[in-house]
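Working notes, beginning with the structure itself.
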Amino acid sequence: MTLFGWMNDQVLRMTWLNDLVGQGVAAIGLNPASRVGGSVQFFVYDVIKIFVLLSMLIFAISYVQSHFPPERTRAILGGRSGLGATILAALLGTLTPFCSCSSIPLFIGFTAAGLPLAITFSFLISSPLVDLASVILLASIFNWSIALAYVAVGLLVAVVGGTVIGKLGLEAQVADFVRTVPVTGEVGTMSRRQRLAYARDQVVEIIHRVWPYVLIGVGIGAAIHNWIPQDTITALLGQDKWWAVPLATAIGIPMYADIFGTLPIAEALVGKGVGLGTVLAFMMAVTALSLPSMIMLKRVVRMPLLLTFVGVVGAGILIIGFTFNEITHWFL
């Protein structure tokens, strides 16, 4: 095994932790190969792994984010236009908030500063959909190929979605109050100690916000992995079913969770033979089109723009889901 493979297994996937939890499950009289024992092992292992990795990643990424406050991000994007600016907005979205609800205030600030809709919506889509923490966690559960594929398709949805919305000329569909929000041009500076304190506070805040969704997601993943027969899963979401991608997308929209809560579910679904495209569609629907996020967005945009946003992003998710299912069907 290469050094990279060893690091991936032992540091990211924490296979040693899975073995240790399995031994603990056996020590309390449960068989890890049984449904109950397997569920306990899956739950304990995934919860510990996700929270350990999440804490370390949030700390590191928040330290990086401290260099990109809203004013600086707005300053970087200000005065830019065209495809290059839209791509830059999508890339900057990967460095900012972990859910769409917290990225909406930034969207308001960008719009108030006069940034084009293509840029603001590219950022709004990318921000909850793709972030550095999700890349590492995806790699820890699946592999780097899937993690990087998710990043690529997420950025593609953000760039194409933002571009299409910008071309439709829907500026008048933004709520009037958004354009009158005061905009500060000041970019604050932080000392190293302040950045470390900010990173620590972000760990506490985000863990406090996401822990219920992680526990629920791991619990659902454990149930899928150990209690629902593979035939049942494949009958509903099998790679050969044309409705699998639309159904997974529709199931994801009413949910509200960070990507961290969807990962254990995705892991269990892939383990049951569900197509990669179907799983990606589910994850993207949860993070980019969740119903609570749409309710919040409705407060700052009018219905025609909201429906356009949902339609464009939804179409992108469906296309990507079908495409990845075909690719994996023919080449894997």
All-but-one check, GLY275 against (1) touching a strand residue (DSSP E or B) at 6+ places or on another chain (Cβ under 9 Å); (2) surrounded by fewer than 18 Cβ atoms within 10 Å (Cβ to Cβ); (3) not hydroxyl-bearing (Ser, Thr, Tyr), failing number (2)
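Test of understanding: among PRO264, PRO292, which residue is within 26 Å of TRP211 (Cβ to Cβ) and touching an Asp or Glu at 6+ places or on another chain (Cβ under 9 Å)?
Values: PRO292 fails: touching an Asp or Glu at 6+ places or on another chain (Cβ under 9 Å).
Of PRO264, PRO292, the one residue that is within 26 Å of TRP211 (Cβ to Cβ) and touching an Asp or Glu at 6+ places or on another chain (Cβ under 9 Å) is PRO264.
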Filter segment 293-315 for residues that are open to solvent by less than 20 Å² (accessible area, probe 1.4 Å), assigned to a helix (DSSP H, G or I) and within 20 Å of THR163 (Cβ to Cβ) and give the result.
LEU297, LEU305, LEU306, PHE309, VAL313, GLY314
Please name all residue pairs, on different chains or six or more residues apart, with Cβ atoms under 8 Å, provided the first residue is in segment 219-235 and is touching a residue at least 24 places away in the same chain (Cβ under 8 Å) and among the hydroxyl-bearing types (Ser, Thr, Tyr) and the second residue is surrounded by 17 or more Cβ atoms within 10 Å (Cβ to Cβ) and not in a loop (DSSP other than H, G, I, E, B).
THR234/VAL274
Of the conditions (1) more than 18 Å from the chain's Cα centre (by Cα); (2) within 26 Å of GLY271 (Cα to Cα); (3) of a type in the set (Ser, Thr, Tyr), the single one that THR111 does not satisfy is (2)
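Starting from residues that are assigned to a loop (DSSP other than H, G, I, E, B) and open to solvent by 20 Å² or more (accessible area, probe 1.4 Å), keep the ones in segment 95-146 and report whichever is modelled with the highest pLDDT. Show your work before the answer.
Pass one, segment 95-146, residues assigned to a loop (DSSP other than H, G, I, E, B): 95-99, 113-116, 130-131, 142-143.
Narrowing the set further to residues that are open to solvent by 20 Å² or more (accessible area, probe 1.4 Å) leaves 95, 97, 113-114, 116, 142-143.
Numbers: LEU95: 73, PRO97: 54, ALA113: 74, GLY114: 77, PRO116: 86, PHE142: 77, ASN143: 80.
Going through the qualifying residues, I end up with PRO116.
Of all residues in segment 227-264, which are aliphatic (A, V, I, L, M), open to solvent by 10 Å² or more (accessible area, probe 1.4 Å) and assigned to a helix (DSSP H, G or I)? Explain how you work it out, then say what you get.
Filtering segment 227-264 for residues aliphatic (A, V, I, L, M) gives 228, 233, 235-237, 244-245, 247-248, 250-251, 253, 255, 257, 259, 263.
Still in the list and also open to solvent by 10 Å² or more (accessible area, probe 1.4 Å): 228, 233, 235-237, 247, 250-251, 253, 255, 257.
ILE233, ALA235, LEU236, LEU237, LEU247, ALA250, ILE251, listed by residue number.
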Checking ILE76, ILE58 in turn, the sole residue that is over 22 Å from VAL218 (Cα atoms), at pLDDT below 90 and either within 24 Å of the chain's Cα centre (by Cα) or of a type in the set (A, V, I, L, M) (or both) turns out to be ILE76
Kindly establish whether LEU318 is of a type outside the set (Ser, Thr, Tyr), touching a residue at least 60 places away in the same chain (Cβ under 8 Å), open to solvent by less than 10 Å² (accessible area, probe 1.4 Å) and part of a helix (DSSP H, G or I).
no
What number of residues within segment 150-165 satisfy the criterion of being open to solvent by 10 Å² or more (accessible area, probe 1.4 Å) and more than 13 Å from the chain's Cα centre (by Cα)?
5
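Take LEU215 and decide whether it is within 23 Å of PHE43 (Cβ to Cβ) and either touching a Phe, Trp or Tyr at 6+ places or on another chain (Cβ under 6 Å) or not charged (D, E, K, R) (or both).
Details: within 23 Å of PHE43 (Cβ to Cβ): yes; either touching a Phe, Trp or Tyr at 6+ places or on another chain (Cβ under 6 Å) or not charged (D, E, K, R) (or both): yes.
For LEU215, the condition - within 23 Å of PHE43 (Cβ to Cβ) and either touching a Phe, Trp or Tyr at 6+ places or on another chain (Cβ under 6 Å) or not charged (D, E, K, R) (or both) - is met.
The values are calculated or read from the model by the stated rules, or taken from the named source; none is laboratory data. This is a predicted model, so every value here is computed, not measured. Positions of Cβ are generated from backbone atoms using ideal geometry, with glycine treated the same way; all protein chains shown enter the neighbour counts. Side chains included, ligands, DNA and RNA excluded: accessible areas come from the protein's heavy atoms. Shrake-Rupley method; radii C 1.70, N 1.55, O 1.52, S 1.80 Å.
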